[in-house]
1. Run the numbers for D229 and H249: contour at 0.36 nm per residue of separation, minus the present Cα-Cα distance, in nm.
2. Leaving ligands, DNA and RNA out of it, report the carbon-plus-sulfur percent of the accessible area of segment 43-107 at a 1.4 Å probe.
3. Pop a pseudo-label 7 angstrom from the Cα along the beta-carbon direction at both R39 and T286 and give the gap in nm to one decimal.
4. Among T114, A136, H66, which residue has its Cα furthest toward the positive end of the charge dipole of segment 9-136, with +1 on Lys/Arg Cβ and -1 on Asp/Glu Cβ?
5. Roughly how many Å² is the accessible area per residue of the chain, as a whole number, for a 1.4 Å probe?
6. Compute a Gaussian network model of the chain, connecting alpha carbons closer than 10 Å, and tell me which residue from S301, S183, S236 fluctuates the most.
7. Could you sort 70-81, 164-175 so that the peptide with the highest average Cβ count within 10 Å comes first and the rest follow in order?
8. At R0 = 35 Å, how high is the FRET efficiency between H135 and L14 if r is their beta carbon distance? Nearest 0.05 is fine.
Amino acid sequence: MSAIQTAEGLEVTLAHDFDSWRRAVSASFVPLHVEADRRSGFEGSMRGRHLASRDLSMIEVAASSHTVLRTSELVAASERKYFKLSIQLAGTGLLLQDGREAVLTPGNLAVYSTDRPYTLAFDGDFRSLVLMFPHAALDLPPDAMAQITATSMSGSDGLGALVAPFLVRLSENLAAVAGPNGSRLINNALDLVTTLFNGELDLRSAASRDPHQMLLARIHDYIEVHLPDQALSPGSIAAAHFISTRHLHDLFRELGTTVSASIRERRLERCRRDLRDPVLADRPVTAIAARWGFTDSAHFSRIFRAAYGLPPTSYRAAGG
């Protein structure tokens, strides 16, 4: 196996045997069990970049037929939770998770989560693009995301026709991510991915006509739009949707969280993004905090440090 870093800062891994590939896959993503019916003549390559302190990766994978399994034992041994969005570029594959299976054909997308077992099988030579990012980077509840794992999303129509080409072009120009606007490109990519997933959830809610899910979708959209509003609160959210505050709290309790925690986590993520944005390097930390509804700077510093391990000023100085 050979691993090199190009002049553009891209990480390239070439494996000419199955054992080397097995080690490379787990090192590049999360620990995985890798199997292959035919190990002789195996070839595999990965080309990409680990971004934002390795919390986000974009890697193009090309390899001979094999299967990767994220087993219960591997899940239990991992602390971090990631989503992986795969865009099939060539060949076909099969993704299984949460009792569903998605056939992966060129141009289609599918998402899966590393905190639950999954299987990804390729029956021949293939090429795919994988975007891996933490659960916390996505402004959608994990319970909602569990509804669309291992479902095939078209990359040729609807929102997929906008998102897939952007991600593919970004993977072809990863050197740009290292430039001064790299953080913005990454944030744009995550925003587009969030929009894609939200659209899939909306389609499911509309198809099932489940009033409960449709109400939750409207509430999450409302929170997202009003994050900068310091007056955003359970009371204002409930009033805007003509429900009682108690009903609102019950809805979020079903998701395993609270209204206030959901608002706080989303605001912290927005602050984290702004602190990493070189365009906002001259903007005071207090101004960034206030932009997203945090008016008490001492309180903001405490909860930011609790969430990301560093106070906001140190986080900015460390480059995120």
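The values are calculated or read from the model by the stated rules, or taken from the named source; none is laboratory data. Here the structure is a predicted model, which means the values were calculated and not measured. Quick reminder, even Gly has a Cβ in these numbers, built from the backbone with ideal geometry, and neighbours come from all protein chains shown. Side chains included, ligands, DNA and RNA excluded: accessible areas come from the protein's heavy atoms. Shrake-Rupley method; radii C 1.70, N 1.55, O 1.52, S 1.80 Å.
1. Full-extension gain reported as 5.2 nm.
2. Summing carbon and sulfur atoms, their accessible area is 52 percent of the total for segment 43-107.
3. The answer from the label model is 6.3 nm.
4. So the residue we want is A136.
5. 47 Å²
6. S236
7. The packing order, highest mean first, is 164-175, 70-81.
8. 0.65
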